[in-house]
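What follows is a set of notes on a single structure, which appears directly below.
The values are calculated or read from the model by the stated rules, or taken from the named source; none is laboratory data. Source: prediction; values computed, not measured. In this analysis, Cβ positions are derived from the backbone assuming ideal geometry, glycine residues included, and neighbour counts consider all displayed protein chains.
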């Protein structure tokens, strides 16, 4: 800044000042600098540090200085000549901007020491395909590795950086099925958002995502599953990101789990639990514990609309560990939302009511717009529907081959209302899945004869749509000649939806889905 200083000499009479001076000791006016960039949006390829140059000028010819502020300013420096550069060369596959979308936002301020000007800029990082390493994200190649790398899991596959490990008693065929389903879910398609997908798959490695696979269930192991009996047990649980097990169904599994549909759903559910755990670590929209995240807002809309009801499923966990409870119900909501968005819910998990009542993607779009939007904007860009055609083509060698299935039915006071209800596997009015080709024997109290119908509550149903005599009993393939026993042979001609009910007392039964 130029400063004019006038000085007078001593002696003589009181001489006047120079009339051109503008006043004794005055400073001329100063103009603020200007920023003259022709655009505020720049695009640069990954792996280089230079972003753009600030075009600034000062009409007074003063020396200019530059500074940065804004959401992503910590990722940049600016030189004395206005060159804005990344501190570290950006990686398209691992964005470090505030929104993790490869669009960095900063504000540049230019000062001449007295006055200043500022402008906002965005820098979009684009992909340099020449550095894409296809080996970083690869599908499982079909070969199970068998060693002690992940002991006690002695067989494993890696699908797009997600490790899938099976315990010694799990069959090779079952781990193969799980890995092949993971391959299909994590593959790319035309809807893939490469930024989001790359972030997820990178984070599988960063957080050591591990899907555990066991046989039957936790309580079936003798000796028990712990580090004392299974060396390495604590290492996997402590140093890898794990959620829950996928259990291979065997003849020792509960009778209602011994169906192909049930086995497929178990794989999908627990794979999605593990995958969405890494969603939680990757996307701000997916925060399990963030009350304003898109996921939690969508979940709350489902709860308030009575489409999702997690109460009663986790004991007193909401009181004993409220943070864990929030994470679990958000995780479970995410599974239901994705399964429904893929239109697989009605096929493989029809018995979810009242926890989840939405059956189809179109129904979810109508009733849960926040869930539909989250599914469309986030899930569709990262995960791929494995499809019913593929899932139905799988075979599970450990599923019992016997066509005879026994189901024990008891009666108890209704926890959710008045009167008595049927209880199956400790669940009141349990929704069931029966499989074509099997014969089911229901043993029940003789005072509460169990029967089947194509209408809810059977012969007790009345009103519009049921005819003058109400609902009717379904008898095709059904034997009731023995007191306390009802047998049904399920064939390809059996209706896909049935209901079981008590022929004497109303309101006791539940729904049945027939699966092929």
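So residue 495 passes all but one of these: (1) more than 41 Å from the chain's Cα centre (by Cα); (2) modelled with pLDDT of 90 or more; (3) assigned to a loop (DSSP other than H, G, I, E, B). Which condition number does it fail?
For residue 495, the exception is condition (1).
Over 25 Å from residue 257 (Cα atoms) and outside the structural domain of residue 293 (by TED's automatic domain parsing), is that true of residue 383?
Here the answer is yes, as residue 383 does meet what is asked.
How about region 498-507: which of its residues are in a loop (DSSP other than H, G, I, E, B) and touching a helix residue (DSSP H, G or I) at 6+ places or on another chain (Cβ under 9 Å)?
Of all residues in region 498-507, those in a loop (DSSP other than H, G, I, E, B) come to 503-507.
Listed by number, the residues that qualify are 503, 505, 506, 507.
Identify, from the list 152, 95, 168, the residue that is touching a helix residue (DSSP H, G or I) at 6+ places or on another chain (Cβ under 8 Å) and under 30 Å from residue 217 (Cβ atoms). Full working, then the answer.
Working: 95 fails: under 30 Å from residue 217 (Cβ atoms); 168 fails: touching a helix residue (DSSP H, G or I) at 6+ places or on another chain (Cβ under 8 Å).
Within the list 152, 95, 168, the selection yields 152.
Could you check how many residues of region 401-433 are touching a strand residue (DSSP E or B) at 6+ places or on another chain (Cβ under 8 Å) and without any contact (Cβ under 8 Å) to a residue 60 or more places away in the chain?
11
Where in region 213-329 are the helices (runs of 4 or more DSSP H), entirely inside, with at least 2 residues that are touching a strand residue (DSSP E or B) at 6+ places or on another chain (Cβ under 6 Å)? Even if it seems obvious, please write down each step before you answer.
Values: elements: 233-239, 260-282, 294-304, 317-320.
Those helices (runs of 4 or more DSSP H) span 260-282.
Taking the stated definitions as given, is residue 349 out of contact with any helix residue (DSSP H, G or I) (no Cβ under 9 Å at 6 or more places or on another chain) and within 26 Å of residue 173 (Cβ to Cβ)?
Values: out of contact with any helix residue (DSSP H, G or I) (no Cβ under 9 Å at 6 or more places or on another chain): no; within 26 Å of residue 173 (Cβ to Cβ): yes.
Considered against the rule, which asks whether it is out of contact with any helix residue (DSSP H, G or I) (no Cβ under 9 Å at 6 or more places or on another chain) and within 26 Å of residue 173 (Cβ to Cβ), residue 349 comes out as no.
Name the residues in region 338-370 that are in a helix (DSSP H, G or I) and surrounded by fewer than 21 Cβ atoms within 10 Å (Cβ to Cβ), would you? Please lay out each step first, then the result.
Here is the first cut: in region 338-370, the residues in a helix (DSSP H, G or I) are 338-341, 345-348, 361-367, 369-370.
Hits for region 338-370 are 346, 347, 361, 362, 363, 365, 366, 367, 369, 370.
Please find, among 390, 335, the residue that is modelled with pLDDT of 95 or more, more than 21 Å from the chain's Cα centre (by Cα) and not in a loop (DSSP other than H, G, I, E, B). Talk me through it step by step, then tell me what you get.
Numbers: 335 fails: more than 21 Å from the chain's Cα centre (by Cα).
Selected residue: 390, the only one of 390, 335 that is modelled with pLDDT of 95 or more, more than 21 Å from the chain's Cα centre (by Cα) and not in a loop (DSSP other than H, G, I, E, B).
Would you point out which residue out of 63, 49, 39 is surrounded by 13 or more Cβ atoms within 10 Å (Cβ to Cβ), within 30 Å of residue 123 (Cα to Cα) and modelled with pLDDT of 60 or more? Spell out the reasoning first.
Details: 63 fails: surrounded by 13 or more Cβ atoms within 10 Å (Cβ to Cβ); 39 fails: surrounded by 13 or more Cβ atoms within 10 Å (Cβ to Cβ).
Only one candidate passes the filter, namely 49.
Just to be sure I understand, how many residues within region 154-167 are over 11 Å from residue 178 (Cβ atoms) and under 25 Å from the mean Cα position of the chain (by Cα)?
4
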